[in-house]
Amino acid sequence: MIFLIILIISFLYLFYIIWLTESFQGIEKKSNDIFYPFVSIVISAKNEEHNIDNLMHNLMMQNYPVDKFEIIIANDKSEDNTLNKIRKYSTKMNNLNIVDVKNTPKNWGSKKWAIKQCIDKSLGEIILQTDADCTHESTWLFEMVQPFQKHNIGFVCGPSYIGKNNNFWDEIIKLESIAQESFTYANSKRNLYISCTARNIAFRKALFSDINGYEGINHIESGDDDLLLHKVVKNSKTEVYFLANPYALVSSNSPNSIKGFYMQRLRYASKGLLYFKLPTPKEVKIILPFLMVSNFAIVCSITNLISTQSLIWLLPLILKSISDFLIITKYMNLISVKFNLLNFIILAVLHPFYIVLLGTISPLTKVQWK
């Protein structure tokens, strides 16, 4: 009976993924129109002294008219040399503005408050948000704002991944983060909006104002990305667009240890129960529990395979792996990232265990944020 239930869940997951992948678009077509709205790039930096040089180099290399964008960086109570390193670039970059955040008001998440200060100071029609530890293509800014040529689009989610170094650990983390993003991209093409990442999002400043910014979610430490997306979906008639374009790709550093990875993912998972307390889109409240159940089924399957050594317990894992392979490889092709089969096999076995582990303990754990 247990095997039958697990098998049914695995088939349901397979059919769901096939349905999603049928909605995938082809390679993004570039518009021939010249579109250069004034853009405000906003960034919150806290203890990022080792990443500032790379960040500034990336921003100075953008193939976008320098008089058409500004950079606003909030130094969020850094305890290292972040602020001084940013200030060094003020003489080189006329479009650089610095906000020195010394205190965060009560009932405000630290990063949200810092980003809000940047947005309040911004002059741009479009707000383009990223993180201080990211690396950006020189075409990033241009490509991220092109979808806004359509006036009905108000929020754009760009491609990104964690893991910039060419080593085994980073390649595993990269594949894991791309796997998550492939899932959110595919769902978006079915008008199901699950999540996005603050490493690479853009939105109209007017839209941010129309939905009252972070009001209602300002007290939550995280969620300057996915919870903001959910507010847009629930409170606005504007369209959300997920961009799968290698020229808009952003990458960021991976945690440098297993403990660091665990703590990072624990922070991500800590919002799980909040989705059910907030006015979150109904698809989030349905799809996320289904994913948890699907992964739990695979954990049970692998556990039974080890204990009984009966190969029939391999079938659910094979079905889920086929499903994940379909969606991940299609998305990686869109963003021009190379797929590695060995890394995929390793992740296929490990991923369900840590999803179930984090999903179980994160609501019971007090999470320490940066």
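The values are calculated or read from the model by the stated rules, or taken from the named source; none is laboratory data. Keep in mind it's a predicted model, so treat the numbers as computed, not measured. Counting neighbours? That spans all protein chains shown, and the Cβs are built from the backbone with ideal geometry, glycine included. Surface areas here come from the heavy atoms of the whole protein model, side chains and all, with no ligands, DNA or RNA. Shrake-Rupley method; radii C 1.70, N 1.55, O 1.52, S 1.80 Å.
Here are the numbers:
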| read-out | value |
| --- | --- |
| Net charge of neighbours whose Cβ lies under 9 Å from the Cβ of Ile194, counting Lys and Arg as +1 and Asp and Glu as -1 | -2 |
| Space enclosed by the convex hull of the alpha-carbon atoms of the range 114-212, per residue, Å³ | 123 Å³ |
| The range 160-230, accessible surface, carbon-and-sulfur percent (1.4 angstrom probe) | 45 percent |
| The chain, accessible area per residue, ligands and nucleic acids excluded (1.4 Å, Å²) | 47 Å² |
| Most fluctuating residue given options Asn58, Asn84, Asn343, as computed from a GNM of the chain linking Cα atoms under 10 Å | Asn84 |
| Over the range 91-181, relative contact order from alpha-carbon pairs under 8 Å, at least 6 apart, % | 13 percent |
| Portion, in percent, of the accessible area of the range 2-106 that falls on carbon or sulfur, probe 1.4 Å | 55 percent |
| Apportionment of accessible area to carbon and sulfur, the range 272-370, percent (1.4 Å) | 73 percent |
| Evaluated over the range 159-259, the Cα radius of gyration and Dmax, each in Å | 15.0, 45 |
| Helix-only [θ]222 nm of the chain, DSSP H runs n ≥ 4, -39500 (n - 2.57) each, per residue, nearest 500 | -15000 deg cm²/dmol |
| For the range 1-110: span of alpha carbons on each principal axis (Å, largest first) | 67, 45, 27 |
| Partners for Lys330 among aspartates and glutamates (Cα-Cα distance below 17 Å; same-chain residues under 8 apart left out) | Glu22, Glu28, Glu176, Glu181 |
| Over the range 216-332, volume per residue of the alpha carbon convex hull, in Å³ | 166 Å³ |
| Directionally averaged shadow of the chain, computed from the convex hull of its alpha-carbon atoms, nm² | 18.4 nm² |
| Stretch in the chain that is longest and holds no GluC sites (Glu not before Pro) that DSSP places in a loop and that have at most 12 other beta carbons within 10 Å | 216-370 |
| Asp120-Thr303 FRET efficiency (beta carbon distance; Förster radius 56 Å; 0.05 resolution) | 0.60 |
